[in-house]
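Visitor: Questions regarding the structure given below will be posed in turn.
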Ligand SMILES: [Zn+2]
């Protein structure tokens, strides 16, 4: 304590500190040993049996699961059967979803240049992009670093392809922060460039791996008052190549052909399984991920792994005969990637149901080694959850802090706690939304430890007042 604080205030502060630390340790002191014992059992079962890892293999064998696709319906059926086979009550919640299709693989080539003519470029259309028509578009390219530069050069953009050369800044330790800083060019690049007469955009893939595998992802909806121009991501190495090529030959032209289009909305489903609570069955703790994926790779980390972790939480309780007081509800949301319609639909249900939603957990940041939980809640709830760290440490959890939970559950209003599972993020953007996101990239121990961490937290949420 600071010597400059008057003696009385020092004493009051000291008493306050004692009260706070006493109340923290007494919140669950009587059950603390029991909770630690159960957490250890959960960890042991997850790491030794690795059931979820095998289910993820089955899910990934179906292939990519973009909303509205045949594969997405196969995955929904697979999930429904798996949940029933494990003995849970299953509910398919209907929801209309956008149906965007890529069509045949896109092509891009430097079509006119003294030095580079005929050089192919590896690209992947951005989700929701319009196609180019069968003849493609051919245009000069202008490299732009950010929206300020776009505005400054607006007179030079007409009839050109704008090349936003902004990947994830590798100097930023938190890769989600780096991603958030640069994703705006993927989201809004085509809309902003169309304002000045551009005919298409290319972006450098948002990646932390310097290979040539392009990474897709959603764009914002086009604005009706502006031309809808096609948009694609370049593989990192080809973006680098194009950047250098433009220095040597600023007049080069690129031809790009995208075959994607948007079909009418399709009826799809969130897949939901309940493990009924023994004492308060109408009080709900959600554990969740999203079942849809992009059509590149198979969405092993994003977010097949998160779905399977959520389901295995229920199964861990069941196989260990742990009977939670509140209902633990597993949700596989549909359409997180290109519309979030599943999350929106479930949030609307929360507004009307008589059930009382206590907390929602989302796992959608990859299934790597667990680190912590981000929480959106009032400060007393947050402090209470932080008091559980000495238990959750047994499942590899190092911290609980205020932060963004996840895109699907954040649609829910009027719930005391929204919680995002946060694993080590250093490798996630190597594979996010690309052909790199395959089952072989998932480490069973890392994934299962994460499952155990989420299960231990779900258990505490179900037992504690
Ligand atoms: Zn995801």
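Nothing in this text is a laboratory measurement; each read-out follows from the coordinates by a stated rule. Please read these numbers as outputs of a predicted model, since none were measured by experiment. Cβ sites come from the backbone with ideal geometry, for glycine too, and all protein chains shown count toward neighbours.
Visitor: How many percent of DSSP beta bridges within the chain run antiparallel, rounded to 5?
Guide: 50 percent
Visitor: Please give the length that would be gained between residue 134 and residue 265 if that part of the chain were fully extended, namely 0.36 nm times their separation in residues minus their C-alpha to C-alpha distance (nm, one decimal).
Guide: 44.8 nm
Visitor: Which order do peptides 59-68, 312-321, 227-236 fall in by mean Cβ count within 10 Å, highest first?
Guide: Put in order of decreasing packing, that is 227-236, 59-68, 312-321.
Visitor: Further, regarding this structure: Across every pair of different alpha-carbon atoms, what Kirkwood hydrodynamic radius in Å does the stretch 112-235 reach? Intermediate values should be presented prior to the final figure.
Guide: Values: mean 1/r = 0.0672 Å⁻¹.
Computed over the stretch 112-235, the radius equals 14.9 Å.
Visitor: Another question about this same structure. How large is the convex hull of the C-alpha atoms of the stretch 375-440 per residue, in Å³?
Guide: Spelled out: Cα convex hull of the stretch 375-440, divided by residues, is 113 Å³.
Visitor: Explain nothing, just the number: relative contact order of the chain, from Cα pairs under 8 Å at least 6 residues apart, as a whole percent.
Guide: Values: 1075 pairs, mean separation 97.4, N = 465.
Relative CO of the chain lands at 21 percent.
Visitor: By average Cβ neighbour count within 10 Å, what is the ranking of 198-211, 156-169 from highest down?
Guide: The packing order, highest mean first, is 198-211, 156-169.
Visitor: Same structure, new question: Please report the orientation-averaged projected area of the stretch 214-262, defined via the convex hull of its C-alpha atoms, in nm².
Guide: Mean projected area for the stretch 214-262: 4.8 nm², to one decimal.
Visitor: Right, next: Sort out for me the Cα centre separation of the stretch 314-334 from the stretch 142-192, rounded to whole Å.
Guide: Between the Cα centre of the stretch 314-334 and that of the stretch 142-192, the gap is 43 Å.
Visitor: Let me ask something additional. Measure nothing fancy, just the Cα-based angle from helix 236-248's long axis to the longest principal axis of the chain, in degrees from 0 to 90, nearest 10.
Guide: Approximately 40 degrees, to the nearest ten.
Visitor: Note the angle between two axes, namely the Cα long axis of helix 341-352 and the longest principal axis of the Cα atoms of the chain, as a number of degrees from 0 to 90, rounded to the nearest 10.
Guide: In the chain, helix 341-352 runs at an angle near 40 degrees to the longest axis.
Visitor: Against the longest alpha carbon principal axis of the chain, how many degrees, from 0 to 90 and to the nearest 10, is the axis of helix 444-463 turned?
Guide: Tilt of helix 444-463: around 50 degrees.
Visitor: What residues from the stretch 176-199 fall in the zone where the backbone N is under 12 Å from a label point 7 Å along the Cα-to-C-beta line of residue 226?
Guide: Under 12 Å, as judged by backbone N against the label point of residue 226, lie 185-199 of the stretch 176-199.
Visitor: Taking every pair of distinct Cα atoms and averaging 1/r, then inverting, what Kirkwood hydrodynamic radius in Å comes out for the stretch 348-465?
Guide: 15.1 Å
Visitor: For the stretch 449-465 and the stretch 224-262, what is the separation of their C-alpha centers, rounded to whole Å?
Guide: If you average the Cα positions of each part, the centres end up 46 Å apart.
Visitor: A further question on this structure: Starting from the eigenvalues of the Cα gyration tensor, five times each then square-rooted, give me the equivalent ellipsoid semi-axes of the stretch 224-289, largest first, whole Å.
Guide: 50, 20, 11
Visitor: Taking a cut-off of 14 Å, what percent of all Cα-Cα pairs in the stretch 106-183 are separated by more than that?
Guide: 74 percent
Visitor: What share of the DSSP beta bridges in the stretch 154-300 is antiparallel, in percent to the nearest 5?
Guide: 0 percent
Visitor: So for the chain, Kirkwood radius off the Cα pairs, Stokes-Einstein at 37 °C and 0.692 mPa s: how many µm² s⁻¹?
Guide: So the translational diffusion coefficient is about 139 µm²/s.
Visitor: Can you give me the C-alpha center-to-center distance between the stretch 41-86 and the stretch 405-435, rounded to a whole angstrom?
Guide: The stretch 41-86 and the stretch 405-435 have Cα centres spaced 19 Å from each other.
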